[in-house]
Every structure is written in C-alpha cells, then in structure tokens.
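Trainee: Take this structure first; my questions come after.
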Amino acid sequence: MTVAYHILTVSGMLILIATLIYCVAMVRRHWDVLVKDQRFLMAESIVLVLLSVVLIFAYYKAYTLQESNVWIGLALFLASALIFYEALIAFRKVRSIKERALELLETLICVMEAGDPNLDGHSFHVHNLVSVFYDYLPSIYQQQLNFENLGYASLFLDMGKLGIPRSILTKSGKLTKEEMELMRRHPEICVKILGPVASFKLISDWILYHHERVDGRGYHGLKGNEIPLASRVIAIADTYPALTMDRTYKASLPYDEAIIELRQAAGTQLDAELVGYFCEIPKHRIDECMVSVRNIMERYQDEHFGD
C-alpha cells in the first residue's frame, strides 16, 4: 500500500508540474492580438493555476500524514490528471478560435487582392517572408517582437487599400499627386478599420509606420530607431515582393537583382542592419514563400470561381 501511495502521489505531482509548465507556455504562445480580448482564456488560466495551488497544498498535507492512504493518493492523482485534461481542452479552444478567425481574415484578404494585378497575394507574400525573416533575426530582436503579432501585422498591412478606389490600385500609369496622397493613406485607413478591436492597438503602430524610411523621408517623417522595429522588419519584407512580383506599372526583377536593390536601399529607405540579415536567408526559402502564395490564391480562385 505504501509503495502504491508513493507512486500515485509522485505521478500526480509530475502531472501537476507538467500542467503548470504547459499553461505558462501556452499563454505566452497564444497571448496575441487575436485572443487578447478573449477573457475566458485569462479566466480559465487563473482557475487552473488556483486549482493547481490548492492541489499542491493538498499534496503537502498528504505527505505530512503519519500514515499513507492509497485512496488519498488516488484522489490526488485523479485531480492532477483532471486539471491537466482541462488545460488541454482550454487551449484547444484557443487554437480553434484563432484558426477560425484567421480563415475569415485570409478570405477577406483574398477578396481584396484576387484579380488585382498589383496585389494578387502580396499580403500573403509579405506575411510568409516575415515568418522566415524572424528566424534570421538576432535573439535580442526576436525577444522584442511577438512572433504571432508580427505575423498578423504583416498580413493586414495592406487592408487599408479597401478604402482606395480600384481605379487607383490598378492604374498602369503614374499616379497624380492627389492619387498618390490617397494611396499614402492606406496604412492609416487600415488602422481605422482595425480600430474597433481593442487588442489590435498592440500592432497598429507597426502597420501605420511600415512605409517609413530610415532617412526620415517616409509617410510620417520618422527616421532610424524612431520607427518601430517591427515596422522596419515588415518594410523589408514588403519591398522584396514589390520588386519581384509583376506589376502593371513595372517589370518584375529576378532574385539576384532584387537583392542588389535591397542593398542599395539600405541606410536610406531600409534599415541597413536588418537588410543584412534578410540577405542571409537562402534563396530556396525565399522562393518557397512565393509558392505558398500561389497555392493560396489558386485555391481561393478554384473555390469561388471554379466550375
């Protein structure tokens, strides 16, 4: 009986420790703009932590008993297992919410970009490049950026073009001064579109300032480190596909020439240090980003316009 009691209590404690580690890891991973306003996540996390604390106290009291009781050990073990199961269920809900939200947002982006020769998956391309780019940033920069939030900001950066007339977006010739002024407002329009969702304030500046130049000649006149790090990262990922994807107003460039263009823009338009990190990304990983974009846009076209 004593052996069984110790096996049950030790196993239960290990499950409880694993539960606490899992909860902390999942909250850190999923605490982004898509779930920040989901109060149930915080509520369930608090409840799980409180139950765990109570159970730890129960384990302590059980170990102070002079006589071991296998039924107490079994009850503690089952309670630990139940808490772990509840944690799995809670974060499965979180993942489900995020997946559904992303599906809706991706569909919205497809609606906006499909059929537009000057977009045609551009936002997805930027998003994919940012995801890869993050892996090549120094750890000190990675620690300053929430990977999930960075991905959302890169995905939504052109949503403000919903407020720009299609005639301007698809114009093949040079834009007039008035048209250019309107086009330059698309980051501001995007921030207004996302404004009602309070949690998106976390990334609103990243989107608003993604067209800033490090020399201070961007849309809002910020320069150097005045520009949020995320905006400087996104600016590079936004520039590369602008160079390599077909546009009605210019021909696309091959990879090698695009990299040369990025290096030439380093220190004036783009952050020179970050450009250096981007250029270290192997070509095949850059190419894979575009393949993924084509798959997304073709799937959307087939689902909505196919026979």
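Trainee: Cα-based Rg of the chain per 2.2 N^0.38 Å, rounded to two decimals? List each step's numbers first, then the result.
Mentor: Details: Rg = 25.2 Å, N = 307, 2.2 N^0.38 = 19.4 Å.
Ratio of Rg to 2.2 N^0.38 Å for the chain: 1.30.
Trainee: In this model, which of Lys250/Lys283; Lys93/Lys201; Lys171/Lys201 are farther than 28 Å apart at the alpha-carbon?
Mentor: Long pairs (Cα-Cα over 28 Å): Lys171/Lys201.
Trainee: Continuing with this model, one more query. Any idea what the dipole of the chain comes to, in debye rounded to 20, about its Cα centre with Lys/Arg Cβ at +1 and Asp/Glu Cβ at -1?
Mentor: Numbers: 30 positive and 36 negative charges, 142 e Å.
I would put it at about 680 debye.
Trainee: Using protein chains only and a probe of 1.4 angstrom, how many square angstrom of Arg299 are accessible, to the nearest 10?
Mentor: Roughly 120 Å² of Arg299 is accessible to a 1.4 Å probe.
Trainee: With a 1.4 Å probe and all protein chains kept in place, how much accessible area does Tyr255 have, in Å² rounded to the nearest 10?
Mentor: 40
Trainee: Here is a follow-up. Considering amide H positions built from the backbone, and no H for Pro or chain starts, which residues 5 or more places from Leu270, or on another chain, come under 5 Å of its amide H?
Mentor: Val214
Trainee: I would also like to ask the following. Highest first, please rank the peptides 163-176, 262-275 by the mean number of other Cβ atoms sitting within 10 Å of their residues.
Mentor: 262-275, 163-176
Trainee: If you rank Glu178, Glu86, Glu298 by how much accessible surface each has, with a 1.4 Å probe, what is the order from largest down?
Mentor: Correct descending sequence by accessible area is Glu178, Glu298, Glu86.
Trainee: Arg247's amide H: which non-local residues (gap 5+, or another chain) put their own amide H closer than 5 Å, with H modeled 1.01 Å from N in plane and none for Pro or chain starts?
Mentor: Ser252
Trainee: Keeping the other protein chains in place, figure out the carbon and sulfur percent of the accessible area of segment 112-201, with a 1.4 Å probe. Each step should come with its number before you reach the end.
Mentor: Values: 2160 of 3900 Å².
Result for segment 112-201: 55 percent of the exposed heavy-atom area is carbon or sulfur.
Trainee: Here is a follow-up. How large is the accessible surface of Thr107 in square angstrom, using a 1.4 angstrom probe and rounding to the nearest 10?
Mentor: 60
Trainee: Where does helix 229-244 land angle-wise versus the long Cα axis of the chain, in degrees 0 to 90, nearest 10?
Mentor: Once rounded, the angle reads 50 degrees.
Trainee: Between segment 86-142 and segment 190-244, what's the alpha-carbon centroid distance in Å?
Mentor: 17
Trainee: For segment 176-307, what is the accessible area per residue in Å², given a 1.4 Å probe and the full set of protein chains?
Mentor: 53
The values are calculated or read from the model by the stated rules, or taken from the named source; none is laboratory data. Please read all numbers here as calculations on a predicted model, not as lab measurements. Quick reminder, even Gly has a Cβ in these numbers, built from the backbone with ideal geometry, and neighbours come from all protein chains shown. The area values use the complete protein model at the heavy-atom level, side chains included, leaving out ligands, DNA and RNA. Shrake-Rupley method; radii C 1.70, N 1.55, O 1.52, S 1.80 Å.
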